[in-house]
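The values are calculated or read from the model by the stated rules, or taken from the named source; none is laboratory data. Note that the structure is predicted; figures quoted are calculated from it, not measured. Every residue, glycine among them, receives a Cβ derived from its backbone with ideal geometry; neighbour counts consider all protein chains shown. What goes into the accessible areas is simple: the full protein's heavy atoms, side chains included, and nothing from ligands, DNA or RNA. Shrake-Rupley method; radii C 1.70, N 1.55, O 1.52, S 1.80 Å.
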Amino acid sequence: MKIINHPQQCPPMAIAATIGMFDGFHLGHRTLVESLKSEAGKRGLATAVVTFRDHPQNVLHNAGQKWICTLDDRIRCIADQGVDYLILMDFTPELAALDSTAFMALLRDCYGLKALVVGFNHRFGHNRSECFHDYRANGARLGVEVVQAAEYTGEYAPVSSSIVRRYIAEGDVEAAMLRLHHPFCLSGTVVHGLKNGRKIGFPTANVGGYSPQVIMPANGVYVTLAQIDDGDWLPSMANIGTRPTVLAEGGISVEVNIFDFDADIYDRRFAVRFVKRLRSEQHYASLEELKQQLAADRDASIRYFLEKNINQII
């Protein structure tokens, strides 16, 4: 997949494109891209996905909209679908002022758009009262064929990025995973912590440096998979919270205990995939009580992985 950052990199052949944020790249997005590939194939066109670096709500309203995944992760997910081009645009107030006709004309003139595959119930352009029939009529006047994509109607319908964000915020990462078709992931680096976990036999990697723009799951203990640099995904468990047993007050931390692992991994790239929430974060009267609970959490996590195929989760 070739990434196009500005019109000077116009594809050498005409394209069929679709437009969206593709945050999380959930099952609905997969259905849309499959429709794009099918429609492009029928017409002998290259495939292109049009997306934006930042969320329109953040640009227009400073909304602080959280992401399910980083831009790099969005790009990787789209590339994995076998798309020819990714048209990466800056969402600006000037772009937001364009109606659907002007935006299609921009894509036609700058990027060679011949067909536009519109997501089910998707709206674009300044005039949000327009619908698919308006897009098709406006496109016809521009020489752009507008096609409506199939709707995702599978087991987990309806699905949207906002629904997935809600599940993650509530801690229901398993429901989010089923709709994403992959676990929610948080990436950063390993930083120094209090080292209390090591004292009670549960050394943890403290994850720092993750993007503050990515949504954080609810506080609690989770079954997870951990990756150091670009290595294998390792069974683990994680705690998100304020560590009330060892701190009177403190900020949110992300601590990951990799099973049967004890090595110096400070400052290395670290990613954690959240598979299932085990419980809420709790305060314990002593470190010994905390140790007993962590042992039970580890046993529950191991049972989960014994019942599941890790390769299917990944």
Do the alpha carbons of any pairs in LYS2/LYS276; LYS2/LYS37; LYS66/LYS291; LYS2/LYS42 sit beyond 25 Å of each other, and which pairs? LYS2/LYS276; LYS66/LYS291
How charged is the neighbourhood of VAL117? Take every other residue with its Cβ under 15 Å from the Cβ of VAL117, and add Lys/Arg as +1 and Asp/Glu as -1. +3
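According to the Kirkwood expression over distinct Cα-Cα pairs, how big is the hydrodynamic radius of the stretch 1-120, in Å? Walk me through the numbers before you get to the answer.
On the way: mean 1/r = 0.0684 Å⁻¹.
This gives a value of 14.6 Å.
By how many nm would the segment from ILE302 to GLN8 grow when fully extended, if each residue of separation counts as 0.36 nm and the alpha-carbon distance is taken off?
On the way: separation 294, 0.36 × 294 = 105.84 nm, distance 5.25 nm.
In short, 100.6 nm is gained.
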Given a 10 angstrom Cα cut-off, can you work out which residue in THR92, THR18, THR31 is the most mobile in a GNM of the chain? THR92
Just subtract the alpha-carbon distance of ASN58 and ALA79 from 0.36 nm times their residue separation and send over the number in nm, one decimal. 5.1 nm
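Sum up the charges of everything whose Cβ sits under 13 Å from the Cβ of ALA300, counting Lys and Arg as +1 and Asp and Glu as -1, but leave ALA300 out. Please list the in-between numbers first.
On the way: positive: LYS276, ARG277, ARG279, ARG298, ARG303, LYS308; negative: ASP297, ASP299, GLU307.
Summing Lys/Arg as +1 and Asp/Glu as -1 gives +3.
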In nm, give the distance between the simple-model label positions of MET1 and LEU106, each being 7 Å from the Cα along the Cα-to-Cβ direction. 2.1
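Taking Rh as the Kirkwood radius, which is the inverse of the mean 1/r over Cα pairs, what is the Rg/Rh value for the chain?
Here Rg/Rh amounts to 1.05.
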Mind checking the dipole of the stretch 175-314: about its Cα centre, +1 per Lys or Arg Cβ, -1 per Asp or Glu Cβ, Debye to the nearest 20? 320
Selected from VAL214, VAL164, ALA263, residue furthest toward positive end of dipole (the chain; charges at beta carbon): VAL164
Rolling a 1.4 angstrom probe over the protein heavy atoms, how many square angstrom per residue are accessible across the stretch 172-314? 49
What is the antiparallel percent of DSSP beta bridges lying wholly in the chain, to the nearest 5? 60
Per the helix-only model, the chain has a calculated mean residue ellipticity at 222 nm (DSSP H runs of ≥4, -39500 (n - 2.57) each, divided over all residues, rounded to the nearest 500) of -10000 deg cm²/dmol
Among LEU287, LEU36, LEU278, the residue with the largest mean-square fluctuation in a Gaussian network model of the chain built from Cα contacts under 10 Å is LEU287
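Among rounded, prolate and oblate, which fits the stretch 265-314 when a ≥ b ≥ c are the square roots of the eigenvalues of its C-alpha gyration tensor, a/c under 1.5 means rounded, and a/b larger than b/c means prolate?
On the way: a/c = 2.40, a/b = 1.36, b/c = 1.76.
Oblate shape, in that a/c is at least 1.5 and b/c is the bigger or equal ratio.
If you place +1 on the Cβ of every Lys and Arg and -1 on the Cβ of every Asp and Glu, how big does the dipole about the Cα centre of the stretch 97-213 come out, in debye to the nearest 20? Numbers along the way, then the final one.
Working: 12 positive and 10 negative charges, 103 e Å.
Result for the stretch 97-213 is approximately 500 debye, rounded to the nearest 20.
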Working with all protein chains in place, sort ARG141, ARG136, ARG123, ARG74 by solvent-accessible area computed with a 1.4 Å probe, largest first. ARG141, ARG136, ARG123, ARG74
For the chain, with the dipole built from +1 on Lys and Arg beta-carbon atoms and -1 on Asp and Glu ones, taken about the Cα centre, which of VAL272, LEU71, ALA140 lies farthest toward the positive end? ALA140
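Can you compute the charge dipole magnitude of the stretch 82-153 about its Cα centre, using +1 on each Lys and Arg Cβ and -1 on each Asp and Glu Cβ, nothing else charged? Give it in debye, rounded to the nearest 20.
Numbers: 6 positive and 9 negative charges, 34 e Å.
I would put it at about 160 debye.
Which percent of the accessible heavy-atom area of the chain goes to carbon and sulfur, probe 1.4 angstrom? Working shown, then result.
Numbers: 7280 of 14830 Å².
Carbon and sulfur atoms account for 49 percent of the accessible area of the chain.
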How much length would be gained if the chain were fully extended between ARG268 and ASP134, taking 0.36 nm per residue of separation minus their Cα-Cα distance, in nm to one decimal? 43.1 nm
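Is the shape of the stretch 229-314 best called rounded, prolate or oblate, per the rule: a/c under 1.5 gives rounded, else a/b larger than b/c gives prolate, else oblate, with a ≥ b ≥ c the square roots of the Cα gyration tensor eigenvalues?
Values: a/c = 1.98, a/b = 1.36, b/c = 1.45.
Oblate is the answer for the stretch 229-314, as a/c is 1.5 or above yet b/c matches or exceeds a/b.
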Around ILE4, which amide H atoms from residues at least 5 apart in sequence, or from another chain, sit under 5 Å from its own amide H, with H modelled in the peptide plane? LEU86, ILE87, LEU88
